[in-house]
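This report refers to the structure that appears directly beneath it.
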Amino acid sequence: MSAPDRSGWAVFGIGDFRLFGAARFLTGLAYQMQAVAIGWFVYDLTHSALALGLVGLAGFLPAVVCALITGHVADAYDRRLVAAAAFALQSTASFGLLAYALTGQHIVWPIYALVILVGTARAFANPALQALLPTLVPGSQFSAAIAWNASLWQSASVIGPALGGFLYALGPAVVFGGAGASFALASLLTALIRFRPAPSGERPPITWAALSAGIGYIRSQPVVLGAISLDLFTVLLGGATALLPIYAGEILHVGPLGLGALRSMPAFGAVAMAITLANRPLRRHAGLRMLRAAAVFGAATVVFGLSTSLPLSMACLFVTGAADMISVYVRQTFVQGETPDAMRGRVSAVNTVFIGASNELGEFESGLLAAAIGAVPAVVAGGVATVGIALLWGRLFPALRNRDRLMVRA
């Protein structure tokens, strides 16, 4: 009898994980392509930093409004079908953006409405996917599955922005059409994953206590709360994604192709780090390494904010992506690996709100602050604040700082 393959690649021997990973890659590709197109489209129509921030707000609000419902749905129903239906809705929204682009209109509110639809679909998809992943692989391969899942998403985030910027030269409708097709294929692949029903006794009733159980669980776990909130404030304050169209157009003067390259660099750094973690997982000092990664993220953001050189700016964004991947790896292992399966959907829904707050709400915060004080001061201030948050969280959450090993619930 041959020895089991303990390499990080062994997880791809599981057919359902391959379907899951392919769907994640396709949705990441579609989302990133579309994000570049929407950002440039809105900026081309408005030339407003605030308008770019409102795109992020429109994408984030559905996750907050629907958080308790989406978590309950992920725990009470077939998670693969919930995700497949959400991807189908995102496909519909993408084709809606295509239709709007073809009309040649110059008003922006229909774009916000369709972004809200995309955000609603993502609000249902993300908890279902996060809760589904641990059921697809054995516990011994879960850490590798977390890293490869992140790597596939981030690989799409490397290719997607560059491809989106390239295709945008042919018109935004081309990008939106490609995104719609990718979401549709991801919906089909997700539906093909083998159904693993939870025991009927674990299906939560529709009560306030059941709906809010995810919040209560996170509050009772200081390590999980510290990890989630650290990631929230790191990306909320230090993220510069929403302002990249301004950097590409007015500071670095590189146009939409350069914008695609800039948006790709954090993902490129994240992929490199994710592949490293898949094959060499963190063995010791997990909490301390997460705090240090947050500080590195902030410092690299400061340098990016001050840079007027495209190579230096791209290098800084690469570093932010690699540092953020360490945070994602640790946080997702805590959330998905240590939460009972019957509660994973509700806990993941709360986690999704935190992730959305750090990304989409962070884009709104960046746009609002940039409109008030300028893009460069906004990015630099955010990076400095992120370094401060990393230092403060080390004191506020000693359980996180002192956490040595990552554990995975059987």
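The values are calculated or read from the model by the stated rules, or taken from the named source; none is laboratory data. Owing to the predicted nature of the structure, the values given are computational and were not obtained by experimental measurement. Positions of Cβ are generated from backbone atoms using ideal geometry, with glycine treated the same way; all protein chains shown enter the neighbour counts. For accessibility, only protein heavy atoms count, side chains too; no ligands or nucleic acids. Shrake-Rupley method; radii C 1.70, N 1.55, O 1.52, S 1.80 Å.
Of the DSSP H helices in the chain, those with a Cα length along their own long axis of 18 Å or more and a mean Kyte-Doolittle hydropathy reaching 0.0 comprise 15-46, 49-65, 79-103, 109-132, 142-168, 172-191, 222-238, 255-279, 286-306, 310-337, 375-396. When only Cα pairs below 8 angstrom with a gap of at least 6 residues are kept, the chain shows a relative contact order of 29 percent. For residue 232, the solvent-accessible surface with a 1.4 Å probe is about 20 Å², rounded to the nearest 10. Rolling a 1.4 Å probe over the protein heavy atoms leaves residue 220 with an accessible area of roughly 70 Å². The spread of Cα positions in region 252-340, taken along each principal axis and listed from longest to shortest, comes to 49, 22, 22 Å.
In the assembled protein chains, residue 194 presents an accessible area of approximately 140 Å² (probe radius 1.4 Å). Which option, [x] 152; [y] 128; [z] 138, is the value of volume of the Cα convex hull per residue in Å³ that was calculated from these coordinates? So the structure-derived entry is [y].
Taking all Cα pairs closer than 8 Å and separated by 6 or more residues, the relative contact order of region 96-191 comes to 43 percent. May I ask you to give the percent of accessible area on region 143-200 that is carbon plus sulfur, with a probe radius of 1.4 Å? Carbon and sulfur together cover 73 percent of it.
What the Cβ-Cβ distance of residue 46 and residue 92 gives, at R0 = 41 Å and to the nearest 0.05, is a FRET efficiency of 0.95. Farthest toward the positive end of the dipole of region 1-122, out of 25, 86, 38, is the Cα of 25, where the dipole comes from beta carbon charges about the Cα centre. Here each label is just a point 7 Å from Cα along the line to Cβ, and for residue 391 and residue 81 those points are 5.4 nm apart. Building the convex hull from the alpha-carbon atoms of region 219-287 and averaging its projection over directions returns 6.4 nm². Across region 220-242, the residues whose backbone nitrogen lies under 19 Å from the label position 7 Å along the beta-carbon direction of residue 372 are 233-242. Take the Cα of residue 289, step 7 Å toward its Cβ, do the same at residue 309, and the gap between the two points is 3.0 nm.
As a test of reading the structure, rank 243, 61 by solvent-accessible area (1.4 Å probe, protein chains only), most first. The partial results should precede the final answer.
Details: 243 0, 61 85 Å².
From most exposed to least exposed: 61, 243.
Here the label points at residue 107 and residue 181, each 7 Å from Cα along the C-beta direction, are separated by 3.1 nm in the simple model.
Extension gain, residue 220 to residue 22, is 67.8 nm, computed as 0.36 nm per intervening residue step minus the present C-alpha separation. Solvent exposure of the chain amounts to 39 Å² per residue of accessible area, where only protein heavy atoms count and the probe is 1.4 Å.
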